Amino acid sequence: NQDSPDPLLAIAAFEQFDGKQGKAVDGTARLIASNTIHLQPSDHFFNLEVALLSFENVAQNRYAFRLEGLEEKWSYTDNPVLRFGRLPFGQYRLVVKGQDALGHWSEHQISLMVQVVKPFYLQSWFLLLVFSLLIAGTVGYIKIHTWQLRQRQRELEQLVAERTRKISEDKQ
């Protein structure tokens, strides 16, 4: 039926695991306000629940989503709760659309930015720090080793001088 209204798709709930708190927290209001999902490396997963505002045979509603920048193909599900976990760092765009029981896809799609922060050990500043410490450690090791060799050389020179003097005294 072409006269059927376009089914509306809305965000119903958003839950994100907060690694600092060690538990899942509700971030629905923040997500609706910002349209951005911001994940720290310790934030292991998030759940996005969507609602297709079509009330005919709700059990037959379908959903499609894709995480652009990671997976370009659409994934299909009958479950309105989309679960994502352990995403690699980077920026993505999550796009979600819904299909009602009559087969109409929602023209309105949910589009959210997903930002996964690099772990500190992959950050430029950390790599530069490790490289600097490695260089400083190498230079320090070389200086200490050179100093030890010079000390040993002085000791050997003293030993040679002492033995040479002793041999000279014994000859006389």
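If you go through region 14-39 and pick out every residue that is surrounded by 14 or more Cβ atoms within 10 Å (Cβ to Cβ) and in contact (Cβ under 8 Å) with a residue 40 or more places away in the chain, you end up with 4.
Yes/no per residue for (1) over 30 Å from LEU31 (Cα atoms); (2) in contact with a Phe, Trp or Tyr (Cβ under 8 Å, 6 or more places away or on another chain):
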residue: GLY98; (1), (2): no, yes
residue: ALA101; (1), (2): no, no
residue: HIS104; (1), (2): no, no
residue: VAL116; (1), (2): no, yes
residue: GLN123; (1), (2): no, no
residue: LEU128; (1), (2): yes, no
residue: PHE131; (1), (2): yes, no
residue: TYR141; (1), (2): yes, no
residue: ALA161; (1), (2): yes, no
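Is there a residue being among the aliphatic types (A, V, I, L, M) and either modelled with pLDDT of 95 or more or in a strand (DSSP E or B) (or both) anywhere in region 69-80? Within region 69-80, none of the residues are among the aliphatic types (A, V, I, L, M) and either modelled with pLDDT of 95 or more or in a strand (DSSP E or B) (or both).
Select from region 87-109 the residues that are of a type in the set (A, V, I, L, M, F, W, C) and at pLDDT 95 or above and write down the one among them that is nearest to HIS38 (Cα to Cα). Lay out the reasoning, then the answer.
Here is the first cut: in region 87-109, the ones of a type in the set (A, V, I, L, M, F, W, C) are 87, 89, 94-96, 101-102, 105.
Next cut, at pLDDT 95 or above only: 94-96.
Details: LEU94: 12, VAL95: 16, VAL96: 18 Å.
Looking at the filtered set, the residue picked out is LEU94.
Give the residue that is modelled with the highest pLDDT, with candidates limited to residues of region 1-12 that are open to solvent by less than 90 Å² (accessible area, probe 1.4 Å) and touching a Gly at 6+ places or on another chain (Cβ under 9 Å). Step through it out loud before you land on a result.
At the first step, the residues of region 1-12 found to be open to solvent by less than 90 Å² (accessible area, probe 1.4 Å) are 4, 6-7, 9-12.
Checking the rest, the ones that are also touching a Gly at 6+ places or on another chain (Cβ under 9 Å) come to 7, 9.
Numbers: PRO7: 79, LEU9: 91.
The extreme case among them is LEU9.
Would you mind finding the one in ALA101, ALA136 that is in contact (Cβ under 8 Å) with a residue 40 or more places away in the chain, out of contact with any Gly (no Cβ under 9 Å at 6 or more places or on another chain), open to solvent by less than 90 Å² (accessible area, probe 1.4 Å) and outside any strand (DSSP E or B)? Of the residues listed, the single one that is in contact (Cβ under 8 Å) with a residue 40 or more places away in the chain, out of contact with any Gly (no Cβ under 9 Å at 6 or more places or on another chain), open to solvent by less than 90 Å² (accessible area, probe 1.4 Å) and outside any strand (DSSP E or B) is ALA101.
Table: residues versus (1) in contact with a strand residue (DSSP E or B) (Cβ under 9 Å, 6 or more places away or on another chain); (2) assigned to a helix (DSSP H, G or I); (3) in contact (Cβ under 8 Å) with a residue 40 or more places away in the chain.
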site	(1), (2), (3)
LEU48	yes, no, yes
ARG66	yes, no, no
ARG83	yes, no, no
GLU107	yes, no, yes
LEU112	yes, no, yes
PHE126	no, yes, no
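Residues that are farther than 30 Å from PHE46 by Cβ, open to solvent by less than 100 Å² (accessible area, probe 1.4 Å) and either charged (D, E, K, R) or in contact (Cβ under 8 Å) with a residue 40 or more places away in the chain (or both) do occur in region 151-159.
The values are calculated or read from the model by the stated rules, or taken from the named source; none is laboratory data. What you see is a predicted model; the values in this text were computed from it and never measured. Using ideal geometry, Cβ is built from the backbone for each residue, glycine included, and neighbour counts are taken over all protein chains shown. Remember, those area values only see protein heavy atoms, side chains included, never the ligands or the DNA or RNA. Shrake-Rupley method; radii C 1.70, N 1.55, O 1.52, S 1.80 Å.
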